[in-house]
Amino acid sequence: MKQPYTSIILACIVLFSACKAELETTDLAQLSIIPLPLQIEAGEGVYQLKPVNNIYFDKRNTETERVVNYLINRLDSAYVNISLKKNNLTQSSAGIHLLIHEIPDSSLSDEGYLLVINTERIELKANTANGLFYGVQSLLQLMPETAFGNKMIAAEISIPSVSIKDVPRYPYRGMHLDPCRHFISVDFTKKYIDYLAYHKMNVLHWHLTEDQGWRIEIKKYPKLTTIGSKRSETVSGLQYYDESKNSYDGIPHEGFYSQEEIKEIVAYAADRFIQIIPEIEMPGHSRAALASYPNLGCTGGPYEVLTKWGVEDDVFCAGNDETFSFLKDVIDEVIELFPSEYIHIGGDECPKSVWEACDKCQKRIKDESLKDEFELQSYFIHRMEEYINSKGKTIIGWSEIMEGGIAPNAVLESWLGVKGGVEVAKQKHKVIMSPYSHLYLDGINVEPKYKDMEPLGQRYCWTTTEKIYSFEPTPDTIPEMYHPYFIGAEGTMWTEYIATDEHIEYMLLPRLSALSEICWTNNHLKDYVNFKHRLNSQLLRYTAMEANYRIPHPEGLQDAMMVSMGDSIQIINPTNITQIRYTCDGSEPNKDSEIYKTAIAADSSFTLKARCYVNTGRASSTFTATIIPNN
Ligand code: ACM
Ligand code: ZN
């Protein structure tokens, strides 16, 4: 065994050179773990999985058994001829061992693990079942990518000898999902949870109520789903600010989750050590609730469930006590369904114009000696926070909950840049970093000037895998004493422009890999070149999963390229699992187009189109460059 490595330079040495001699029997790509562990040492030889393998654990420990069952199910679904046989723990046997420390190892914290693999044994130790679960995720990534496939027959499965000590950087590693703008099935929600689990994420922030649809069954208020979960149609394609340019599809859209389905999804996530944080939006983004119960709005309606996107003027009336009793009743049912420590109350994008014109809201401002409508928003959130705190839960709210003063115990989800997060951390509030500039995964995948080559996404934000990777969730502008208030980061998946499961996968993968690494991996180990190398194996896993992940497009080109006559154009392959195909006549490259092997001579003006193919025939978006020799 070599010394543990804690710097990225040394980690690179482990990955690329030093272990090469020692791991002759295994493929180096098998050490491509994402997110990168804290310490990884290569060993000699391999552990061989057989058709039947013994797995040892303390059978009295039901938490450990959950992890064992997860591993058994994963291998069962990946391979037809590999299985695990449960045994009670004995120290001496060869095989796979999972152990929770009786006396906690303080160096592993709550979610860390130790994974030691040699030719005889796979030994996984942690303080908690959570840690064991993350160890299992790393173990699966040490196997061939077929471990992420479906019902393969494996000739043999070799797992490289290795010793890993791993501890996450942040306790909050989140991804958000919006089934309101476009409804998302129970099955795909589970698949999404699986993707999060593979990346060691531990929070699904589930945005359940919106202007365009209320998606959670509330038994006391049945109209929320009989009326609020349905809209008559949806704006088509990209929405314009100029309404006269918009068209509507004429197709009714609906869907909601019954309380039974919610329990099923919460349990599914819990088995993957993911807590689901429900979001019930207030006071804004509430048109679907107002359409169901118009008495809760300032004007009394009538209101319709919204059929286009944006920020809506009609919001919950803050002067009407019925609003608060309604929301408290809703929260009562929500709390019964979600064991999470947090309830997200939204709080973003609440226009004040309707409150300005409402007698009840103005009376509230006067009675409570509030300065203005911004303080009325703060009053609203404070009042709901008090109730939610009384139930033993903490609220999370988007940046705008700072308006008029943040509620005393609230956690801020900082989406409007990082400044607000810095400000409230100094007031000793916890912060989740989610700036739209870097972590909105519903934003397009490329710089805006290349937007036409990509499927629809938000136009006001864009982020690439590299841009996500560059994001630092704990701003270095704030003194170190406040760093513990930055509890993690979260990516969003708003679905205004994302109407299918496949499109969600496209926006999620592989950007989730970069997000997971900024959430999990110690900052001093971060290195994009090293990450990109490991991403090759990750893309193979996504291929095995048959996920509609985004294949990176060719690099090294620009939209307009002025070159000297006779120069040659080089195209860079972004991965080692893709092949570039290109055309020079303006036509779309297809699977039969020329394979790029050497630089292309530029002796006249032409349009170069190139895209990357993987071996299943799937291809990246097409990059178009206009080549202009300048003499
Ligand atoms: C948000 O994107 N309105 C939180
Ligand atoms: Zn009002």
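Each reported figure results from applying straightforward, stated rules to the coordinates on display, with no laboratory input. What you are looking at is a predicted structure, and each value in this text was computed from that prediction instead of being measured. Glycine also receives a Cβ, built like all others from the backbone with ideal geometry; neighbour counts cover every protein chain displayed.
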Antiparallel %, DSSP beta bridges [both residues in the chain], to 5: 45 percent
Nearby lysines by direct alpha-carbon distance to Lys609 (threshold 18 angstrom, same-chain neighbours under 8 apart not counted): Lys449, Lys451, Lys591, Lys597
Farthest positive-ward along the chain dipole, Cα basis, beta-carbon charges - from Asn522, Ile569, Pro294: Asn522
Rotationally averaged projected area of the stretch 284-424 (alpha carbon convex hull; nm²): 8.7 nm²
Placed amide H near Val411: partners under 5 Å, 5+ positions off or other chain: Ile395, Ile396, Gly397
HN-Hα J in Hz across the stretch 466-474 - Karplus 6.51, -1.76, 1.60, θ = phi - 60°, x for Gly and Pro: 5, 5, 4, 4, 6, 7, 10, x, 10
Charge-dipole axis of the chain as Lys and Arg at +1 and Asp and Glu at -1 on Cβ define it, positive-most pick from Leu608, Ile274, Ile251: Ile274
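So what's the net charge close to Gln458: Lys and Arg +1, Asp and Glu -1, counting the other residues with Cβ under 13 Å from its Cβ?
-1
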Filter on Lys219/Lys263; Lys165/Lys526; Lys59/Lys125; Lys125/Lys532 - keep pairs with C-alpha separation over 20 Å: Lys125/Lys532
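Can you work out D for the stretch 450-595 in µm² s⁻¹ from Stokes-Einstein, where Rh is the Kirkwood radius over C-alpha pairs, the temperature is 10 °C and the viscosity is 1.306 mPa s?
On the way: Rh = 18.1 Å.
It diffuses with D of about 88 µm²/s by this estimate.
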Electrostatic dipole magnitude of the stretch 382-457 [Cβ: Lys, Arg +1; Asp, Glu -1; Cα centre; debye, to 20]: 380 debye
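How large is the convex hull of the C-alpha atoms of the stretch 157-228 per residue, in Å³?
Values: hull volume 10.0 nm³, N = 72.
It is 140 Å³ per residue.
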Hz values of 3J(HN,Hα) by residue in the stretch 499-505 - Karplus curve (6.51, -1.76, 1.60), Gly and Pro given as x: 9, 10, 4, 4, 5, 4, 4
Förster radius 60 Å - calculated FRET efficiency between Asp603 and Gln427, Cβ distance, rounded to 0.05: 0.40
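Given the rule -39500 (n - 2.57) for each run of at least 4 DSSP H residues, summed and divided by the residues of the chain, what is its mean residue ellipticity at 222 nm, to the nearest 500 deg cm²/dmol?
Details: 18 runs with 176 residues, N = 631.
Computed ellipticity for the chain at 222 nm equals -8000 deg cm²/dmol.
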Environment charge at Leu539 (Cβ cut-off 12 Å; Lys +1, Arg +1, Asp -1, Glu -1): +4
Cα point-scatterer Debye curve for the chain, base-10 log of I(q)/I(0) at q = 0.06, 0.11 Å⁻¹: -0.36, -1.14
Rg to Rh quotient for the stretch 135-276, alpha carbon positions, Kirkwood Rh: 1.11
Under the Karplus curve 6.51 cos²θ - 1.76 cosθ + 1.60, θ = phi - 60°, whole-Hz ³J(HN,Hα) for the stretch 478-494, x wherever Gly or Pro sits: 10, x, 4, 4, 9, 4, x, 6, 8, 8, x, 9, 8, x, 9, 9, 6
Other-chain or far-sequence residues with amide H under 5 Å of Arg173's (modelled H): Asn202, Val203
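What does the charge dipole of the stretch 422-473 about its Cα centre add up to, to the nearest 20 debye, if the Cβ of each Lys and Arg holds +1 and the Cβ of each Asp and Glu holds -1? Display every interim value, and only then the final one.
Details: 7 positive and 7 negative charges, 58 e Å.
It works out to roughly 280 debye.
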Rounded to the nearest 20 debye, dipole of the chain from Cβ charges on Lys, Arg, Asp, Glu: 1320 debye
Taking Thr578, Thr62, Thr607 and counting other C-beta atoms within 10 Å, the order from fewest to most: Thr62, Thr607, Thr578
Cβ-based exposure ranking for Leu512, Leu306, Leu108, in which fewest neighbours within 10 Å come first: Leu108, Leu306, Leu512
With Cα atoms, 0 to 90° folded angle of helix 373-390 axis to the chain main axis: 70 degrees
Listed residues Ser414, Gly457, Leu439: farthest to the positive end of the dipole of the stretch 407-460 (Cβ charges): Ser414
The stretch 95-109-the stretch 209-224 distance, computed between alpha-carbon centres (Å): 44 Å
Under-5 Å amide H pairs with His285, H placed in peptide plane, nonlocal only: Glu312
